[in-house]
Amino acid sequence: MVTRRSLLAASILGGVLAPFDSPAQAEESSSGPVKMIVSFPAGGSTDVIIRAIAAKMQSDLGRPVVVENRAGASGMLAAGYVAKADPDGLTLLAATSSLASNPALFKSMPFDTVNDLQPLSLIFRTPLVLVVNPDLPVASVRELIVLLKQKPGELHYGHGGPGSAIHLAAELFQVMTDTKMTGVTYRGAPIAVNDLIGGRVQLMFADGGSVMGQIDARRVRALAVGSRERLPVLPNVPTIAESGVPGFDAEGWTLVCAPAATPQEIIGRLARDIQAAAEIAEVRALIVKLGMLPTKSPGPPELKAFLTAEIDRWGKLIERSGAAKSL
């Protein structure tokens, strides 16, 4: 029996899965383009990569993929918008790892991260580089730890907001080294990097893309990277785990989600198309050039488990460090 509901589902699937024969047909479609809502400002390294992926997705989906930046509230503006969007595959979220830390940082959220969003594809990982002002008298992680223990709370680190990857990496570093620093919040990592260069903060964790030029120009000094492996663009910079803090592992990530109620057929198609776009050679080269690490994404069910585990992992750190008390 053909029901109204089955016809509606068929029309949704047809709108997303079937390519258009021509750009004119795409413009005439009432369903419109796919919108990629990003939870961070335009112009940064992550935004550049998302736009490259969106451009590659267009040919597979047969319709425009429009990138729309909705930064603010630690990524919750963008995530909340997508969580409540129609589950038709036309509104997607590109989110950073703050998606996993927000549930522990904020008492009240307008959506449920696990139940209202379905991860589609993990696009890349963002190793974090521990950088210091060149005037700080340390040349290694071990020397930094000694200095921090001599001056508890006197050194200032910059970060781009509570729950950001660079904030939580600093919190993890303090917990694992039994040291104390004073955090300074900025409206974005680039502003924090500027103050690091100017000496108003002495150190910070930063994504490689935002500081590679500054490292090359010797405006900041790279002590170590927070990921489990070294960065291809910084082969001579050791990991923090190699530098006397065994087990240290802190990196950001970016994944794409859809509203949780999106039909599984659409989820599967979008996941394949996003990953295929991310694996194109020129996109992978761009990811590496900007200091990120390409990754082979697991499927949507495994990504759901990954997101749940990340929420638990960072939630425990936030509770232990007291990071939520600063909000």
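Nothing in this text is a laboratory measurement; each read-out follows from the coordinates by a stated rule. Everything quoted here is computed from the prediction, not taken from an experiment. Glycine gets a Cβ as well: all are built from the backbone with ideal geometry, and neighbour counts include every protein chain shown.
The residues packed around residue 68, meaning those with a beta-carbon under 12 Å from its beta-carbon, carry a net charge of +2 if Lys and Arg are +1 and Asp and Glu are -1. Among 312, 273, the ranking by other beta carbons within 10 Å of each residue's beta carbon, starting with the fewest, stands as 312, 273.
Annotation: the antiparallel percentage among DSSP beta bridges lying fully within the chain is about 60. Residues in region 234-239 carry Karplus couplings, in order, of 9, x, 9, 9, x, 7 Hz; the curve used is 6.51 cos²θ - 1.76 cosθ + 1.60 with θ = phi - 60°, and Gly or Pro positions show x. Computed from the C-beta positions of residue 59 and residue 296 and an R0 of 25 Å, the FRET efficiency is 0.70 to the nearest 0.05. Considering only alpha-carbon pairs that sit under 8 angstrom and 6 or more positions apart, the relative contact order computed for the chain is 25 percent. On the principal axes of its alpha carbon atoms, region 35-82 extends 33, 22, 9 Å, with the longest extent given first.
From the largest down, region 127-250 spans 33, 31, 29 angstrom on the principal axes of its Cα atoms. Residues whose amide H lies under 5 Å from that of residue 37, counting only those 5 or more places away or on a different chain, are 68, 92, 93, 94; hydrogens are built 1.01 Å from N in the peptide plane. 3J(HN,Hα) along region 197-209: 4, x, x, 6, 10, 9, 7, 5, 8, 9, 5, x, x Hz, from the Karplus curve 6.51 cos²θ - 1.76 cosθ + 1.60 with θ = phi - 60°, whole Hz, x for Gly and Pro. Among the lysines of the chain, pairs that are 8 or more positions apart or on different chains and have alpha carbons within less than 20 Å of each other number 15. By the helix-only formula, in which each DSSP H run with n ≥ 4 contributes -39500 (n - 2.57) and the sum is divided by residues, the chain has a 222 nm mean residue ellipticity of -13500 deg cm²/dmol. For the chain, the orientation-averaged shadow of the C-alpha convex hull comes to 17.2 nm² (one quarter of the hull surface). Taking amide H as placed 1.01 Å from N in the peptide plane, the amide H of residue 117 sits under 5 Å from that of 260, each at least 5 places away or on another chain. Each of 251, 68 has some number of other Cβ atoms within 10 Å of its Cβ, and from fewest to most they run 68, 251. A P(r) calculated from all alpha carbon pairs of region 28-180, with 5 Å bins opening at zero, reads 2, 8, 15, 18, 15, 12, 10, 8, 6, 4, 2, 1, 0, 0 percent.
Rounded to the nearest 5, what % of DSSP beta bridges with both residues in region 127-250 are antiparallel? Expressed as a percentage, antiparallel bridges in region 127-250 total about 60. GNM on the chain, alpha-carbon springs under 10 angstrom: the most fluctuating residue among 97, 108, 243 is 108.
The angle separating the long axis of helix 165-177 from the principal Cα axis of greatest extent in the chain is about 40 degrees. Over all pairs of different C-alpha atoms in region 188-309, the reciprocal of the mean inverse distance, the Kirkwood hydrodynamic radius, equals 16.8 Å. Relative to the dominant Cα principal axis of the chain, helix 264-278 is inclined by about 50°. For helix 4-17, what angle does its Cα long axis make with the longest principal axis of the chain, in degrees from 0 to 90 and rounded to 10? Once rounded, the angle reads 60 degrees.
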